[in-house]
1. Among S188, S150, S140, which is the only one that is among the hydroxyl-bearing types (S, T, Y) and within 17 Å of L72 (Cβ to Cβ)?
2. Those residues that are over 20 Å from H106 (Cα atoms) and open to solvent by 70 Å² or more (accessible area, probe 1.4 Å), I need them from segment 170-217; list them, please.
3. For segment 183-202, does any single residue satisfy the condition of being part of a helix (DSSP H, G or I), modelled with pLDDT of 95 or more, hydroxyl-bearing (S, T, Y) and touching a strand residue (DSSP E or B) at 6+ places or on another chain (Cβ under 6 Å)?
4. So, in segment 218-230, how many residues would count as being surrounded by 13 or more Cβ atoms within 10 Å (Cβ to Cβ) and assigned to a loop (DSSP other than H, G, I, E, B)?
5. So, of the residues in segment 105-121 that are open to solvent by 10 Å² or more (accessible area, probe 1.4 Å) and of a type outside the set (G, A, S), which turns out to be farthest from S78 (Cα to Cα)?
6. Name the one entry in A125, A109 that is at pLDDT below 95 and more than 18 Å from N37 (Cα to Cα).
7. Go through segment 52-79 and report how many residues are small (G, A, S) and open to solvent by 30 Å² or more (accessible area, probe 1.4 Å).
Amino acid sequence: MGRADGAAGRSPDHALDAIFFQPPIPAPEKIICIGVNYPDRNAEYKDGSDAPKYPSMFMRTARSFVGHNTPLVRPHASQQLDYEGELAIVIGKPGRHIGESQALDHIAAITLCNEGTIRDWVRHAKFNVTQGKNFDATGSLGPWIVPYTSEAQIADIRLTTRVNGETRQDDRTSRLIFPFRYLINYISTFTTLEPGDIIVTGTPTGAGARFDPPRYLKPGDVIEVEAEGVGLLRNGVIDETP
């Protein structure tokens, strides 16, 4: 019997408003983020390119994320804090060179991510985005992990992002350029996936940088990332303090 089954029918021990949420995986060995993984997202670049042959990806530190209901921090270095709502998968079974047919057996759970980005800092260098993706407390994970049960559970999830109640992003996982099976297969070709590793699977079109003029986050804003069957991840925004 799993923990979800064991909890069925039981009364809660604590009120939600009395809980401080932390990222549900406190110290993952790896947080691997996928870029440009929805068709409309590729079109946003307006470079006339076809869908990419291989996934773009980068790593994030655990320190760059906070939990549900904890404010994101807009740093002193830039006012270009942006949101990116995403679905994330949590690895439960280790593996290397995992075939696509076995890939989903390595998923333990799913969760939500606001893959917050400092836009001007992803352009500081010629070939990488690491700086703009790893400012402390600029993204969030949670609010919890939902046990993975079957491919049908994740095949066509609606994913939306709202800022101050306004829908900015709205897409479905069935439209991913690189689906979950492929991502696990591809990533495990170059690194061993370990339990607790997180793969953040890409954001739909509609991030603040793509508006004209851009609509970056500011203190007092509230961002909500929501997915069917997963939950709602909510965060405010504050300025960095000394």
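The values are calculated or read from the model by the stated rules, or taken from the named source; none is laboratory data. Note that the structure is a prediction, hence the values are computed from the model and not measured. Quick reminder, even Gly has a Cβ in these numbers, built from the backbone with ideal geometry, and neighbours come from all protein chains shown. Calculation scope for accessible area: heavy atoms of the full protein, side chains included, ligands and nucleic acids excluded. Shrake-Rupley method; radii C 1.70, N 1.55, O 1.52, S 1.80 Å.
1. Within the list S188, S150, S140, the selection yields S140.
2. Of everything in segment 170-217, those that are over 20 Å from H106 (Cα atoms) and open to solvent by 70 Å² or more (accessible area, probe 1.4 Å) turn out to be D170, R172, R175, R210, D212, P213, R215.
3. yes
4. 4
5. The residue in question is D105.
6. None of the other options fit; the residue is A125.
7. Here is the first cut: in segment 52-79, the residues small (G, A, S) are 56, 62, 64, 67, 77-78.
From what's left, open to solvent by 30 Å² or more (accessible area, probe 1.4 Å): 56, 62, 77.
Selection size over segment 52-79: 3.
Listed here are the residues, each with its yes/no results for (1) of a type outside the set (S, T, N, Q); (2) within 16 Å of the chain's Cα centre (by Cα); (3) under 26 Å from P28 (Cα atoms).
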| position | (1), (2), (3) |
| --- | --- |
| I199 | yes, yes, yes |
| T205 | no, yes, no |
| A209 | yes, no, no |
| D212 | yes, no, no |
| P219 | yes, no, no |
| V225 | yes, yes, yes |
| E228 | yes, yes, yes |
| R234 | yes, yes, yes |
| V237 | yes, no, yes |
